[in-house]
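Notes follow the structure.
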Amino acid sequence: MKNAVIGNNKQKANLIVLGAVPRLLYLLQQESSSTELRTECAVVLGSLAMGTENNVKSLLDCHIIPALLQGLLSPDLKFIEACLRCLRTVFISPVTPEDLLYTDATVISHLMALLSRSRYTQEYICQIFSHCCKGPDHQTILFNHGAVQNIAHLLVSSSYKVRMQALKCFSVLAFENPQVSMTLVNVSVDGELLPQIFVKMLQRDKPIEMQLTSAKCLTSMCRAGAIRTDDSCIVLKTLPCLVRMCSKERLLEERVEGAETLAYLIETDVELQRIASITDHLIVMLADYFKYPSSVSAITDIKRLDHDLKHAHELRQAAFKLYASLGANDEDIRKKIIETENMMDRIVNGLSESSIKVRLAAVRCLHSLSRSVQQLRTSFQDHAVWKPLMKVLQNAPNEILIVASSTLCNLLLEFSPSKEPILESGAIELLCSLTQSENLALRVNGIWALMNMAFQAEQKIKSDILRGLSTEQLFQLLSDSDVNVLMKTLGLLRNLLSTRPHIDHIMSTHGKQIMQAVTLILEGEHNIEVKEQTLCILANIADGTTAKELIMTNDDILQKIKYYMSHSNAKLQLAAMFCISNLIWNEEEGSQERQDKLRDMGIVDILHKLSQSSDPNLCDKAKTALQQYLA
């Protein structure tokens, strides 16, 4: 059987259909079977698992994993190795659920114990771990079972395969895991610290797979804060190694992995972004990622075309991600990226690709570039980027919506020429619906974009926003548990209530509700910033011609303003003073009555006290207000 199935998928399928698997498993588990027979069974099963995904499914349906794990308890090393090899083959198949490794708590500790038996047990067990470690829960289980200590010395094994699998183990254990990363920094093998061992594995004379994987380990450790971003092992070793992986000489898979890892390494660090942008002409080098599959005439080999097609969208996704990281902070780098051949067209095309991953990466890239005032005014306008962006925002999944709506926030800033056409394409409705989302980031972005839209806008737009939002929704947002949503909603209100005619118009239609909202917040348990924003809204209302009356006839609000004038926080005192100044300003109709009413409330006494304040701002503001009384 073994000789019939090696390398022959048809024969493998035939044997499975004939029911060989349950019989082999039965013999493998029989105590009475000789060790040689049990070992041969494990080898045949391993060979069957090497075939198609359907083969693996058939093996899983026959409960092959518990049977093989049971086999690991045997004293015979050859049999253990055969079971591990088969387990390894089953576990690296995408159809096998990783959790099957963790169902029995004793399995992991037994595997750790078997690591010392032979170089084969080391290779297979490390391979099983690196394939079955998906996410923080798995990382924690392996970490708590001593994975770091048990696997570290394998990095200096005499066998390349063992070294490589151990390295892969560390790259998945440390990924986005501060606990593991912080531990790795201090582990040493034969008197050498792990980061130093990883750096040796990065050298150009090492196999590419090894260079890439050790760069991933160092990247994870750097992102977790275990290694500083200005450490020479990052700046002089890891970053240049990853840039090398992006070059034309590398295989497509390597270029994808190199670019994605580099994007992650530099994502949050300005200095690393600057260094990467001037290493080996990286920005130009990435433009090449968009040239696959290459022109058909050049491809004589149909297999290569298939391979190129398969990797083309991965390459584009990786390039977009890396451009997004490179341009996250620095204006000059953004300019360089946008000046790369056809860059804006590529992003626009990326926004409408069928692959969701490419769309997400293209939106990320666009978001990064949209932080540039200059680009918003030029390239973004020339390419009417807002059109495909609005299209992306129609029923996209949340992860795309979040980045796309953040980008829209930037396109709606007052200096961006895209603001007008976006409004005309029905953005208000779309943004108002985002503010009702379950997802916090979407609520924040929806209200943020509306806030930007309302800034210095004409009255019609402001009325449309208020209509679109509805008073109910406005109250909902003002009582949102997230302070970000609250601050942006207050920002929106403040932008809506600017310039006199607008203030009077809005307060004549929504005055009662807005005053209610203001009262609600000034009475609530909120931080200084929230209360300051709210008092500023009141000051804007006090600046209206007819709107003033809504404050003057509301004793409750007047008492609150008085209270904040004597508050311990100077910011709140200042904001309250703005309200008072706007109410008592002389040149305006009815100022005398308002001054008298406020004097009777004791406001003038407070102003006298404040004019003696040690805070120059408060002192000036109080003196200016008192002059209104004297004039």
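The values are calculated or read from the model by the stated rules, or taken from the named source; none is laboratory data. The structure presented is a predicted model; accordingly, all values stated were derived computationally and were not measured. For neighbour counting, all protein chains shown are included, and Cβ atoms are generated from backbone atoms with ideal geometry for every residue, glycine included. Heads up: the accessible areas ignore ligands, DNA and RNA and are worked out on the full protein's heavy atoms, side chains in. Shrake-Rupley method; radii C 1.70, N 1.55, O 1.52, S 1.80 Å.
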Take the solvent-accessible surface of the protein heavy atoms, probe 1.4 Å, and return the percent of it on region 109-256 that carbon and sulfur atoms account for. 51 percent
Determine the sum of side-chain charges near C41: Lys and Arg each +1, Asp and Glu each -1, restricted to other residues whose C-beta is under 14 angstrom from that of C41. 0
Descending packing, highest mean Cβ count within 10 Å first, for 180-187, 422-429 is 180-187, 422-429
Can you give me the % of accessible surface on region 361-484 that is carbon or sulfur? Probe 1.4 Å, all protein chains present, nothing else counted. 48 percent
Using only Cα positions of region 188-250, each an equal point scatterer, no hydration layer, compute I(q)/I(0) via Debye at q = 0.12, 0.14, 0.23, 0.25 Å⁻¹ and quote the log10 values to two decimals. -0.27, -0.37, -0.94, -1.07
Taking the Cα of Q476, stepping 7 Å toward and past its beta carbon, and measuring to each backbone N in region 518-534: which are under 20 Å? 518, 520-521
Assigning unit charges at the beta carbon (Lys, Arg +1; Asp, Glu -1) and nothing else, what dipole magnitude in debye, to the nearest 20, does the chain show about its Cα centre? 1680 debye
Mind giving me the FRET efficiency for R377 and Q459? R0 is 30 Å, r the Cβ-Cβ distance, nearest 0.05 is fine. 0.75
Charge dipole (debye, nearest 20) of region 464-618; +1 at Cβ of Lys and Arg, -1 at Cβ of Asp and Glu: 140 debye
Once the other residues with Cβ under 13 Å from the Cβ of E399 are scored (Lys, Arg +1; Asp, Glu -1), what is the net sum? +3
GluC sites (Glu not before Pro) restricted to DSSP loop in region 186-250 with at most 11 other C-beta within 10 Å: E249
Farthest toward the dipole's positive end in region 474-579, which of I557, L486, F475, given Cβ charges of +1 (Lys, Arg) and -1 (Asp, Glu) about the Cα centre? I557
Once you keep just the Cα pairs under 8 angstrom separated by 6 or more residues, what percentage relative contact order results for the chain? 5 percent
In nm, the gap between the two label points placed 7 Å beyond Cα toward Cβ at E593 and E424 is 4.6 nm
Along the charge dipole of region 480-552, which of T499, N527, A539 sits closest to the positive end, that is, farthest toward it, with unit charges on the beta carbon of Lys, Arg, Asp and Glu (+1, +1, -1, -1)? T499
Would you list the P(r) distribution for region 520-631, with all Cα-Cα distances sorted into 10 Å bins from 0 and each bin expressed as a whole %? 15, 51, 31, 3
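Exactly which GluC sites (Glu not before Pro) in region 333-407 are in a DSSP loop and have at most 10 other Cβ atoms within 10 Å?
Sparse-neighbourhood loop GluC sites (Glu not before Pro): E341.
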Stokes-Einstein diffusion coefficient for the chain at 25 °C in a medium of 0.890 mPa s, Rh from the Kirkwood formula over Cα pairs: what value in µm²/s? 83 µm²/s
What distance in nm separates the two pseudo spin-label positions at D288 and K391, each 7 Å out from Cα along the beta-carbon direction? 3.1 nm
Given the -39500 (n - 2.57) contribution per DSSP H run of 4+ residues, what per-residue ellipticity at 222 nm results for the chain, rounded to the nearest 500 deg cm²/dmol? -21500 deg cm²/dmol
Which Cα, out of Q394, I338, I302, lies furthest along the positive dipole direction of region 270-403 (beta carbon charges, K/R +1, D/E -1)? Q394
Give me the number: length gained by fully extending H608 to N144, i.e. 0.36 nm times residue separation minus the C-alpha to C-alpha distance, one decimal in nm. 160.4 nm
Cα gyration tensor, region 67-159 - rounded (a/c under 1.5), prolate or oblate: rounded
Assuming 0.36 nm per residue, please report the length gained on full extension of the stretch T624 to L236 beyond their Cα-Cα distance. 133.7 nm
Calculate, for the chain, the solvent-accessible area per residue in square angstrom, rolling a 1.4 angstrom probe over the heavy atoms of the protein chains. 45 Å²
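Select from region 26-134 those trypsin sites (Lys or Arg not before Pro) which occupy a DSSP coil region and have at most 13 other Cβ atoms within 10 Å, ordered by residue number.
On the way: sites: R38, K57, K78, R85, R88, R117, R119, K134; in loops: R117, K134.
Qualifying residues, ordered by number: K134.
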Chain lengthening between Q559 and N527 when straightened (0.36 nm per residue, less Cα-Cα): 9.6 nm
